[in-house]
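Notes follow once the structure below has been shown.
Values quoted throughout were computed directly from the atomic coordinates according to the rules given, and no laboratory measurement underlies them. The shown structure was predicted, so the numbers you read here are calculated from the model rather than taken from an experiment. Every residue, glycine as well, gets a Cβ built from its backbone with ideal geometry; the counts of neighbours run over all protein chains shown.
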Amino acid sequence: MKQKTHSGAKKRMRVTGSGRIKRGKAGLRHLMECKSSERKRHLGSMTYVHTASAYQAERLLVMARPKT
């Protein structure tokens, strides 16, 4: 059976040219008034998926992997 990319994962993560996976940070959806401006600014930036979780993320993004 043909493998497909997880549709929820492709909306949340992207693969860089080097093969690493970038994701947005959590905690920026609600309860914003109690968070400092600096904290909100840092939460708005992208970050990389941790190496311990990279295998699971790669399996979800089957079609987005760079061709080797």
Checklist entry - Restricting the search to region 26-40, which residues are at negative phi, out of contact with any Gly (no Cβ under 7 Å at 6 or more places or on another chain) and surrounded by 10 or more Cβ atoms within 10 Å (Cβ to Cβ)? => result Met32, Lys35, Arg39, Lys40
Checklist entry - Considering only strands (runs of 3 or more DSSP E) fully contained in the chain, which possess at least 2 residues that are of a type outside the set (A, V, I, L, M, F, W, C)? => result 21-24, 46-48
